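Okay, structure first, notes after.
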Amino acid sequence: MRERRSIIISALVTIAFAGVPFFLNVDTSYFAYYLFLSFCHIVIAQGWNFVAGYTGQISLCQNAFFGLGAYTTALIWLHDVTKTGYYFDPVVMVLSGLVPVILAVIIGIPLLSRLRGDYFALGTLGVQFIIQVLFLKGGAFTRGADGLHLPSTVFESMKPYYWTGLFLALFATAVVYFLIKSRAGLALRAIREDEISAAAHGIHVLKYKIFAFAVGAFLAGICGSLYAWYLFHINPDSVLNLNWLFYPILICVLGGNGTITGPIIGAFFITALFSLGTVYMAQTHPILSGALIIFVMKFMPTGLVGLKDRILSRG
């Protein structure tokens, strides 16, 4: 009964979001831009949540996967690789997700087989710095700090961005939901709780860790692809900056790590907080935002989702 009610509520909320462009001019509305950015944050946060929240592996290279997805879209378009209509081409988007998956497998095998906990986190942090330097020093291929310029004349409206962002947010949430409900999800949670016990029960720990790492990379990559179409100017400063590393972490911590709805709630909250802070408190909002995160981690370690459960249990 509870699950059925959740499905109905989710469907109604989705229909409401999908109908926004019919009642609001998404080309001029800042609220529509806020929703689009929130959708992007949901996608990348769900990817990080799957790796860290459900598998217990703290990854600090989500921005590298995001940037790699954006650069893949730009390079495929500029070099006419697939011979297709590159603007909002689903083939390009899928390829932009698969390239980060390849990187995740390549770096995941040595890192996940040797490192755990903080050491794995530091290893992935080193990877994202390497990726930044490679794209910054990529010469004619990536055009260094200036980056790649896509033909912006194809832009007509924000509507396809809005709807694609909404679809990807739903897709990322559905992927995490169904994977967690599967046998793979049970294995990942067993690994999170106790790797040694999981291995003793026949779970191939390294295989499942790499799988989770690759899923997170894929979701970040397709989100980077959408953002590349939005920016039309891809450079290290725009798609490899640390915001795309810290935002998903902050979103999951605030919303509730290791939950399906946590990244959704956290994404809307963090995006609103930082958007309003940038507009009205440009100088002080980083301090207030940092204080809020400390407060949440101190008094609400399970995030807003956990706070709701605690209130309901007391009631």
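Taking 41 Å as R0, compute the FRET efficiency from the Cβ-Cβ separation of residue 130 and residue 8 and round it to 0.05.
Values: r = 47 Å, r/R0 = 1.14.
So, using R0 = 41 Å, E works out to roughly 0.30.
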* To do: Quick one: which residues, 5+ away or cross-chain, put their amide H under 5 Å from the amide H of residue 148? H built at 1.01 Å from N.
  => 234, 235
* Asked: Roughly how big is segment 95-166's charge dipole about its Cα centre, with Cβ charges of +1 (Lys, Arg) and -1 (Asp, Glu), in debye to the nearest 20?
  -> 160
* Evaluate the distance, in nm, between pseudo-label points positioned 7 Å from the Cα of residue 78 and of residue 16 along their respective Cα→Cβ axes. => 4.2
* To do: Work from the charge dipole of the chain (Cβ charges, +1 for Lys and Arg, -1 for Asp and Glu, about the Cα centre) and give the residue of 199, 109, 72 farthest towards its positive end.
  => 199
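Calculate the FRET efficiency for residue 28 and residue 87 from the Cβ-Cβ distance with a Förster distance of 25 Å, rounded to the nearest 0.05.
Computed FRET efficiency for residue 28 and residue 87 comes out at 0.70.
Arranged from highest to lowest average of other beta-carbon atoms within 10 Å per residue, in what order do the peptides 214-221, 139-146 appear? Kindly include the intermediate steps, with their values, before the conclusion.
Details: 214-221: 29.0, 139-146: 12.2.
Descending packing order for the listed peptides: 214-221, 139-146.
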* Integer Hz, Karplus 6.51/-1.76/1.60 couplings in order for segment 180-186, x for Gly and Pro -> 5, 7, 8, 5, 4, x, 4
* Structure fact -> segment 172-194 and segment 106-130 have their Cα centres apart by a whole-number Å value of 21
* For segment 138-146, in order, what is each residue's ³J(HN,Hα) by Karplus, 6.51 cos²θ - 1.76 cosθ + 1.60 with θ = phi - 60°, in whole Hz (x at glycine and Pro)? -> x, x, 5, 5, 10, 6, x, 5, 5
* Asked: With +1 on each Lys and Arg Cβ and -1 on each Asp and Glu Cβ, how big is the dipole of the chain about its Cα centre, in debye rounded to the nearest 20?
  -> 880
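What is the fewest-to-most order of 192, 5 by other Cβ atoms lying within 10 Å of their Cβ? Display every interim value, and only then the final one.
On the way: 192 17, 5 9.
The fewest-first ordering by Cβ neighbours comes to 5, 192.
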* Asked: To the nearest 500 deg cm²/dmol, what mean residue ellipticity at 222 nm is calculated for the chain from DSSP H runs of n ≥ 4 alone, each contributing -39,500 (n - 2.57), summed and divided by the residues?
  -> -24500 deg cm²/dmol
* To do: List every residue whose amide H lies under 5 Å from the amide H of residue 61, counting only residues 5 or more places away in sequence or on a different chain, with H placed 1.01 Å from N in the peptide plane.
  => none
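A short reminder: the numbers here are calculations on the coordinates, not readings from a lab. Bear in mind that the values here come from a model prediction, so they are computed numbers and not experimental data. No Cβ is skipped: glycine too gets one built from the backbone with ideal geometry, and neighbour counts run over all protein chains shown.
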